[in-house]
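**Q** Following this message is one structure expressed as structure tokens.
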Amino acid sequence: MEPYIVHVTSKGQLTLPSPIRKKLGIGKGSRLFVILDENEVHLKKIEGGNIPVFTEKSSFLNLIGSFEGPRDLARNHDSHLSEES
């Protein structure tokens with residue numbers, strides 16, 4: 001599908017192009033889940049009142065384990081508390 005340029009109103013509203021609304025079955029009263037991913041905004045239609053679930057493919061979940069930190073915070077809880085004071 002080709003890209004579209006939309007304008008944002010002073011109220012922060014935008015109109016999804018008709019071909020996109022038709023393809024996704026989005027009409028008046030449809031609800032969308034809005035996700036901010038770095039410098040991109042993603043919209044996902046909420047089907048049947050169910051909010052989409054993030055999966056391992058969700059980009060922010062890929063960050064888990066990528067930074068160094070305490071290995072077992074529960075086991076070392078007391079020592080971490082004493083380090084903070």
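The values are calculated or read from the model by the stated rules, or taken from the named source; none is laboratory data. All of these numbers come straight from a predicted model, not from anything done at the bench. When we count neighbours, we look across all protein chains shown, and the Cβ atoms used for this are built from the backbone with ideal geometry, even at glycine.
**Q** Quick check on segment 13-47: of everything there that is basic (Lys, Arg) and under 17 Å from Glu2 (Cβ atoms), which residue is surrounded by the most Cβ atoms within 10 Å (Cβ to Cβ)?
**A** Arg21
**Q** Pull out all pairs, ordered by first then second residue, where Cβ-Cβ is under 8 Å, the residues are six or more apart or on different chains, the first lies in segment 4-30 and is closer than 16 Å to Ile46 by Cβ, and the second is surrounded by 10 or more Cβ atoms within 10 Å (Cβ to Cβ) and of a type in the set (Asp, Glu).
**A** Once the first residue is closer than 16 Å to Ile46 by Cβ and sits in segment 4-30, no partner that is surrounded by 10 or more Cβ atoms within 10 Å (Cβ to Cβ) and of a type in the set (Asp, Glu) comes close enough.
**Q** Do we find a residue being more than 21 Å from the chain's Cα centre (by Cα), of a type outside the set (Asp, Glu), at pLDDT 65 or above and part of a loop (DSSP other than H, G, I, E, B) anywhere in segment 30-53?
**A** Taking segment 30-53 and keeping what is more than 21 Å from the chain's Cα centre (by Cα), we get none.
No - not one qualifying residue is present in segment 30-53.
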